[in-house]
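Right, one structure below, let's go through it.
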Amino acid sequence: MTPELALKHIWTLAGCDPGALRSVSLDGDDPGLPSVFRVGSLASATIAATGLAAVEYGRLRSGHRQQVTVEMRRALASFRSERYLRIDDGPPPALRDPVMGFYATRDGRWIQLHTNFPHHLQGVLNVLGCANDRDSVAAAIRNWDGATLDQTLADAGLCAALIRTPDEWAALEQAHAIAALPLFEIERIGDAPPEPPRTAAGDRPLSGVRVLDLSRIIAGPVAGRALAQHGADVLMVNGPHLPNIAPLVIDNGRGKRSAVIDLRDATGRETLHGLVGGADVFLQAYRPGALASRGFGPEELARVRPGIVYVSVSAYGHEGPWAQRRGFDSLVQSASGIAFTERQAAGWDEPKHLPCQALDHATGYLAAFGAMTALARRATEGGSWHVRVSLVQTGRWLQSFGLLPDGWKAPDVTLDDVRDCLATTQSEFGSILAVQPAEQLNETPAFFALPPARIGAHEAQWA
């Protein structure tokens, strides 16, 4: 699938004005990175859809449409933003725990562990009964059959995935549940009067839009970052007890303010309810149902704040037996056959992931696209809206693009190759060199008005 066809699919599925597609220019062809999958088409299409959705929402205020240009090489740099991040001319803090990775099992299978959070690492070590080093973990896993360990870790609420072939994945009940869903959903969940874009300082497409970003790591934070780069006031909300990964806080915190609220106590829940009353978008990436148990489900917030746009990001989707399973981009790649396919094409001994966290980034941009599309609908027809996206639905869509048999032979792209896609910002973390927005709007360029901030640097209130 070409970037143009992929963009048309997104735009048509959302029921957007087909005439707007004439305002988009896409440049570049796959493979832009070493992969048999058309990652560049996925990157260009999802980023272009986000830029065009911003233009269309801004047009409701300005009355005219801008041009959007996306170069594939810049889109792929954005999809690798955490890889190219530099702090004070040096590397950022470590992104991955040393135990994370692929391991051979007793029955000749492979399993992937995801241990970047300390409590996930300790949980895996407890199940395996071994020391905290790769050799000990590898030896312990050789005493397990792959499917048994996969299910045992999932039942314990831990993060792992058996490496499956595409056919093995397709036979699972979870794959059947996902196959019945579209790439994303934008559903009206309540009545509210129309809300045209409010008059606000600045003429950026999302000036005046307030976003609560209750997400961590990549997919959800990328969505909030994409909204911020078009002018939204994004307030990131973390729990004081929840772990984070330092370089991702920096990379995905650009353009946002950051507050801490403890939803485990009544005061924290009251504070968040107060913020919801002044919000336009509520973006969350908790497992399905987790926030609803605290009183922050989509229907509840539509009653608290009629006209809210509620965005849900999940790993394995909201339907099927895996809906509550913890997951990350690389685990979805492993479970759904992507890592197997990359390995088979390249002839590697071990499984092989995509050359970037493509499911995370694409899902983040689709979440931002859905949010802006819902805001435009709210402006013209009113209502409260629920947008749903998931890593596994995005992965399924990527797999439908077809393969580039020799795509894995494409040269890798180094930091020096993309220096023209990066810019330096001064922050409390030091001098940050980071990838800039890939979508180019000819009248209101995307940019970050704020540097990244440490978690909890701001008060839990609207500016």
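Per-structure values
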read-out: Matching strands (runs of 3 or more DSSP E) fully within region 368-452 where at least 3 residues are within 17 Å of Pro182 (Cβ to Cβ) and of a type outside the set (S, T, N, Q); value: 384-390
read-out: Qualifying residue in region 373-394 (condition: among the acidic types (Asp, Glu) and touching a residue at least 40 places away in the same chain (Cβ under 8 Å)); value: yes
read-out: Subset of region 335-350 (residues that are more than 18 Å from Asp412 (Cα to Cα) and either in contact with a Phe, Trp or Tyr (Cβ under 8 Å, 6 or more places away or on another chain) or not polar (S, T, N, Q) (or both)); value: Ala335, Ser336, Gly337, Ile338, Phe340, Thr341, Asp349, Glu350
read-out: Only listed residue being surrounded by 16 or more Cβ atoms within 10 Å (Cβ to Cβ), touching a Gly at 6+ places or on another chain (Cβ under 7 Å) and either outside any strand (DSSP E or B) or at pLDDT 95 or above (or both), chosen from Arg198, Arg225; value: Arg225
read-out: Filter result for Glu187 (in contact with a strand residue (DSSP E or B) (Cβ under 8 Å, 6 or more places away or on another chain) and surrounded by fewer than 17 Cβ atoms within 10 Å (Cβ to Cβ)); value: yes
read-out: Residues of region 154-172 classified as surrounded by 17 or more Cβ atoms within 10 Å (Cβ to Cβ) and either at positive phi or in contact with a Lys or Arg (Cβ under 6 Å, 6 or more places away or on another chain) (or both), total; value: 2
read-out: When residues of region 134-144 are limited to those that are closer than 10 Å to Arg106 by Cα and buried (at least 16 other Cβ atoms within 10 Å of the Cβ), the one nearest to the chain's Cα centre (by Cα); value: Ile141
read-out: Candidate set: region 1-56, residues that are assigned to a loop (DSSP other than H, G, I, E, B) and within 19 Å of the chain's Cα centre (by Cα); chosen: the one surrounded by the fewest Cβ atoms within 10 Å (Cβ to Cβ); value: Ala14
read-out: Residue ID - farthest from Ala160 (Cα to Cα), chosen from residues in region 302-341 that are of a type in the set (A, V, I, L, M, F, W, C) and assigned to a loop (DSSP other than H, G, I, E, B); value: Ile308
read-out: Checklist (1) under 23 Å from the mean Cα position of the chain (by Cα); (2) modelled with pLDDT of 95 or more; (3) surrounded by fewer than 18 Cβ atoms within 10 Å (Cβ to Cβ) applied to Gly289, failing item; value: (2)
read-out: Matching entry among Ala147, Ala94, Ala175 (being surrounded by 18 or more Cβ atoms within 10 Å (Cβ to Cβ) and either assigned to a helix (DSSP H, G or I) or modelled with pLDDT under 95 (or both)); value: Ala175
read-out: Out of Ala410, Ala434, Ala453, sole residue that is of a type in the set (A, V, I, L, M) and crowded, with 22+ Cβ neighbours inside 10 Å; value: Ala434
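The values are calculated or read from the model by the stated rules, or taken from the named source; none is laboratory data. Please read these numbers as outputs of a predicted model, since none were measured by experiment. For neighbour counting, all protein chains shown are included, and Cβ atoms are generated from backbone atoms with ideal geometry for every residue, glycine included.
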